[in-house]
1. Could you order the peptides B:118-125, B:527-534 from most to least packed, using the average number of other C-beta atoms within 10 Å per residue?
2. Arrange the peptides B:262-273, B:402-413, B:417-428, A:92-103 so that the one whose residues have, on average, the most other Cβ atoms within 10 Å appears first.
3. B:LYS445: accessible area at probe 1.4 Å, nearest 10 Å²?
4. If you bin the C-alpha pair distances of the stretch A:33-163 every 5 Å from 0, what whole percents do you get?
5. Which shape class applies to the stretch B:20-188: rounded if a/c is under 1.5, otherwise prolate when a/b exceeds b/c and oblate if not, where a ≥ b ≥ c are the square roots of the Cα gyration tensor eigenvalues?
6. Averaged across the residues of B:195-202, what count of C-beta atoms belonging to other chains lies within 10 Å of each residue's C-beta?
7. So for the stretch B:20-188: antiparallel DSSP bridges make up what percent, rounded to the nearest 5?
8. Through the Karplus equation 6.51 cos²θ - 1.76 cosθ + 1.60, θ set to phi - 60°, convert the phi angles of the stretch B:216-231 into ³J(HN,Hα) values in whole Hz; use x for Gly and Pro.
Amino acid sequence: MKKHTISILVENKFGALNRIVGLFSARGYNIDSISVGTSEDDSVARVTIVSKGDDDVIEQIIKQLNKLIDVTKVVDLTYDNFVERELVLIKVAANRNSRSELMQISEIFRSKIIDISPRSITIEATGSEQKVDAMIKMLDPFGIKEIARTGRVALKREFEGTV
Amino acid sequence: MRTTVNIITKHGDNIMSTNEMTGSEIFVKSLIEENVEYMFGYPGGAVIGVYDAMHDMSHIKHILTRHEQGAVHAAEGYAKATGKVGVVLVTSGPGATNTVTGVADAYMDSVPIVVFTGQVSTHLIGNDAFQEADIIGITRSITKHNFLVKDVKQLAWTIKAAFHIASTGRPGPVVVDMPKDVMASKAPFLYPKEVKLRGYHPFYFGHMGQINKAVEIINASRKPVLYVGGGVINSNASTELFNLAKKLNAPVAMTLMGLGAYPGDDKLSMGRVGVHGTWYSNVAVDQCDCLIAIGSRFDDRVTGNPAMFSPNSRKIHIDIDPSAISKNVKVDVPIVGDVRHVLERLTPLVNPLNTKEWLEQIEEWKAEHPLRYENGNEIRAQYVIEKIYELTNGNAVITTDVGQNQMWTAQFYKFLNPRSNITSGGLGTMGFSFPAAMGAAFGVKDRPVFSINGDGGIQMNIQEMATAVSNKLPLKIVILNNGYLGMVRQWQDLFYKKRYSHVTLGNNPDFVKLAEAFGGAGFVADKTEEVVPTLEEAMKINDRPVIIDFRTIKEDNVFPMIPSAGTVAQIIDYPKSVKELEMAKTQSEAVK
């Protein structure tokens, strides 16, 4: 089963997000991550959902989403060239001995330290899901206290090839 | 409260009124603009203002049902019989939640209805106020769309949008929730001529490239089957379907919802396909080389095991709902569009096919495996349905409940016209038949309306007798009374070693007395020879509803039958002997 990144434009109205989420739960579709925010148009919100499923299931998901009256556009970015980012905040246990090593790791991943205390530091990282996963793996041995991830946001690339 | 009095006297007058009106008045005026004839409803605290605005209204007839579920089924019956939008008005909280079954039923069977629910005032929403229920949240997954009107200025637009959404594309129910304070506040009335919805563009015409691909497959076929569903009726495409079938010389298998789309007495009709469909329609679908699905959705009650469904055919699927395509069964050529529009473009392009051998084969099957039952002194439900068919010349509007009564009606009433077969197909709602028949009777005045019931289902909405009597509806309410919840009993018989768990209806009321207590007429018959005279007597009564209690043979099973998720190879035909029945049971045990 392949992971699909589905970008949805939906009327920015009362209950609209609920319709989308409700559709996934009512029909037993899987949600790996979901992120929501306004789009370039105030009256429209962009919802990015990462879902796992066979091609048949993904096809149904897209058709069912399209059927929602409030949904104005649905794109499965998976087969397109697209940019994706996820933001994560990671609070890691840190002391005098480990702090500098943690800062090095943070630098390698081009992330930022946004909070520091005698017993912990909090790192803000953005990147692809794989990058975030790799970073979490590197930090794990130090003792991760808390993680907050936004879920994937994505947009289609304008030009073919990587920019 | 109301300030202007006679704002609703003239139809269509001055729709751009600058006078401010209350939400309630706007509501009434909007419905007049939508040409609503009947509204089925039940008042209550949250809609008392709306009912006040309706007090002097003469354009729309409000039918006071005796339960909100009855109101929704009546609206469904009206919509299915006429093709117009059915309208319901109920209060908040319990009024709204009582509509849920009907709304879900309309969603499953693509019935265009708009249900207006009262709601507590906006400042109370979310406070667990008296008679508050989050009906928008509750009905989100069982409506085509729903609206909460938060501002009286949005009301007219919302009503227009609700009717538009309910009646276009694949039809379905729309719920409009109207808070009490919104309906009391004022705005100028401005009814839009049309609404534009960014995310809603039903596609009607069908892609010409796809149509051409379909034509190629059809023209190469020697053993075609038209597998038609309720979509043909929804798009008023019976004539187009008839033309296609006749041009191709292709046999027609109908789903439960599709019955009536093609005349059931025509030689090309194979009757119904599916679990309790005819032996030959199921076998023909199994063995055809080209399956043309028209407004049908490959429901599990038709396909059985989808992997084994019609294994050797190339499949074409015409449906207005893209999500219905390849949902259960992969098809070769999908055509998204309105059935009527697509058939109008497809039929001229196909060639008459040489189906002589194929039709002969089907005739042979029809002779070998006809629908049958054993008649005797005790009344058989099948016989009752056959006689109703004969006495009404196939011209009645028939509503059915759910279970054996529904299956036997589908088998033995040969529906000749569309919008004649009104049944709860998708949701399978007991208590549907009778209120739906009421709604149908309001919409259709020139044909008799029969409501077919079991003795279980009729008791689920029997209170509507009061509504039917009040409105002098000449309904014929047939009860096939076997003292059992027959279909469940049949399954317990076939699959659960005859352990009849809680399916006996021991204390049925005296239905004749019950009918009379409500002010209707009642008849009872318990011998086969009494069936026709009783029906004839009942059909003479035309000023009130009549209940006809047929005491049928207690234990009879519906055959043919394909056990759940089974295949055509497992069809159990009507057993010719006790021995054969025992064999069938052993066989079905094995399938289970």
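1. B:118-125, B:527-534
2. B:402-413, B:417-428, B:262-273, A:92-103
3. 140 Å²
4. Values per bin, smallest distances first: 2, 9, 16, 17, 15, 13, 10, 9, 6, 3, 1, 0.
5. Note, shape of the stretch B:20-188 comes out rounded.
6. 5
7. 10 percent
8. Coupling constants for the stretch B:216-231: 4, 5, 4, 5, 8, 7, 10, 10, x, 9, 8, 10, 10, x, x, x Hz.
The values are calculated or read from the model by the stated rules, or taken from the named source; none is laboratory data. Treat the numbers as computed from the prediction; the structure is a model and nothing was measured. All Cβ positions, glycine included, derive from the backbone under ideal geometry; neighbour counts span all protein chains shown. Heavy atoms of the whole protein, side chains included, go into the accessibility calculation; ligands, DNA and RNA do not. Shrake-Rupley method; radii C 1.70, N 1.55, O 1.52, S 1.80 Å.
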